[in-house]
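A quick write-up on the structure given underneath.
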Ligand code: OGA
Ligand code: ZN
Ligand code: ZN
């Protein structure tokens, strides 16, 4: 999920009246709605060329340079319904577009909107969205629909991708630049001698989130099946947000403990990488909704909570993982060559059953993008009218 401090735009386009107060203006829009804008806020958001760079999308105005008690010398409404201010002191002039003011009105406090999110229902296997490789590579409309699916249900299967190594990088780059790590920009999931991850063995991988020992988790993960002749190795996907909601409902004490107790995670390969982070298994946003689930049994470092909380912490971890592994919020699939499973690594735990490397070859390739860039791509596609 994401936190976006932005109110939905309201259909108000002209300012009809202004009432001055000691430290603010009360604007009435032409639909009768009123909003408060403080003098300091208005001066701080002046859109003129000396306050906002006209080509660099950044501010020049420095909040620190504005007097706390700044006030307008003169306030007017333009014929178009915009607000015109001449400020006391340096006689700086500001012009505020009415629609912009309506869009940025803050009367109701900060808005923490939760992404459009559909939790998987307990016990009834979700049929995950699917999309054709050609359609997302060729059409921005299909691309956006696919990204919306990943944001809403956490997962989508791309079908019919070429079984050519590197294809998954091109798919990821339809969305954004890729995220690097000690495993590289593009990694091969094959059973190999001298592995530096359990993923590169034939072991079962219990449902997990990737790279939990990093402060910033990879946002979206792409796993592309190139060759799959081995027996076993089925893909497991679990909705971590649905599991967290179930824990909150059935065992609120464990839920609270996992939200408030940072746990130690570590990956150290003895070859130049020692990445360690302390973070809770369930992270909330400021509105109290689950933002991130952080769990990988393989990367849990030795627990070091104080002794009087050790057993409670184990109990809470086991309660959550029990729900994750119960199969009630899970889908299973056997990937076919040309399939790419794409999922929200803040939300979905993924894993596989054990496979038999002697029964045939199995080769996946994977990569990541960051969540910020995934959401940025959604916003820019929406803004260019592809809704
Ligand atoms: C991984 C992983 C799953 C699989 O590489 O991180 O979880 O199906 N792989 O091999
Ligand atoms: Zn200005
Ligand atoms: Zn993994």
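What follows is calculated from the coordinates using simple rules that are stated; it is not laboratory data. None of these values were measured; they are calculated from a predicted model. Neighbour counts run over all protein chains shown; Cβ positions are idealised from the backbone, glycine included.
Data overview
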item: Folded to 0 to 90 degrees: helix 140-153 orientation relative to the chain principal axis, Cα; result: 70
item: Cα gyration tensor shape for the range 218-304, rounded if a/c is under 1.5, else prolate or oblate; result: oblate
item: Cut-off 11 Å (backbone N to label point 7 Å along Cα→Cβ of residue 334), residues of the range 208-239; result: 229-235
item: Highest-fluctuation residue, 59, 117, 278 considered, GNM on the chain with Cα pairs under 10 Å; result: 59
item: Stretchable slack from residue 134 to residue 354, in nm (0.36 nm times residue separation minus alpha-carbon distance); result: 76.0 nm
item: Two-site FRET efficiency, residue 188 against residue 256, from Cβ-Cβ distance with R₀ of 35 Å, rounded to 0.05; result: 0.30
item: The range 268-359 - Kirkwood radius from inverse mean 1/r over Cα pairs (Å); result: 16.5
item: Relative contact order (%) - the chain, alpha-carbon pairs under 8 angstrom, separation at least six; result: 22
item: Net lengthening on full extension, residue 298/residue 62 (0.36 nm per residue, minus Cα-Cα); result: 80.2 nm
item: Beta bridges per DSSP with both ends in the chain, % antiparallel, nearest 5; result: 95
item: Most mobile of 40, 185, 223 in a GNM of the chain (Cα contacts under 10 Å); result: 40
item: With Cα atoms, 0 to 90° folded angle of helix 307-324 axis to the chain main axis; result: 80
item: At R0 = 22 Å, FRET efficiency that the Cβ-Cβ distance of residue 113 and residue 30 yields, to 0.05; result: 0.25
item: Peptides ranked, highest mean first, by Cβ atoms within 10 Å: ranges 259-267, 233-241; result: 233-241, 259-267
item: Residue-span extension gain [residue 315 to residue 285] - 0.36 nm each, minus C-alpha spacing; result: 8.4 nm
item: Choice from 256, 76, 62 with maximal GNM fluctuation in the chain (Cα, 10 Å cutoff); result: 62
item: Packing rank of 154-162, 337-345, 123-131, where each peptide gets the mean count of other beta carbons within 10 Å, highest leading; result: 337-345, 154-162, 123-131
item: Inter-site label distance for residue 16 and residue 93 at 7 Å from Cα along Cβ, in nm; result: 2.8
item: Using alpha-carbon coordinates, inclination of helix 371-383 to the longest axis of the chain, degrees; result: 50
item: Spacing of the two label points (7 Å from each Cα toward its C-beta) at residue 380 and residue 266, in nm; result: 4.0
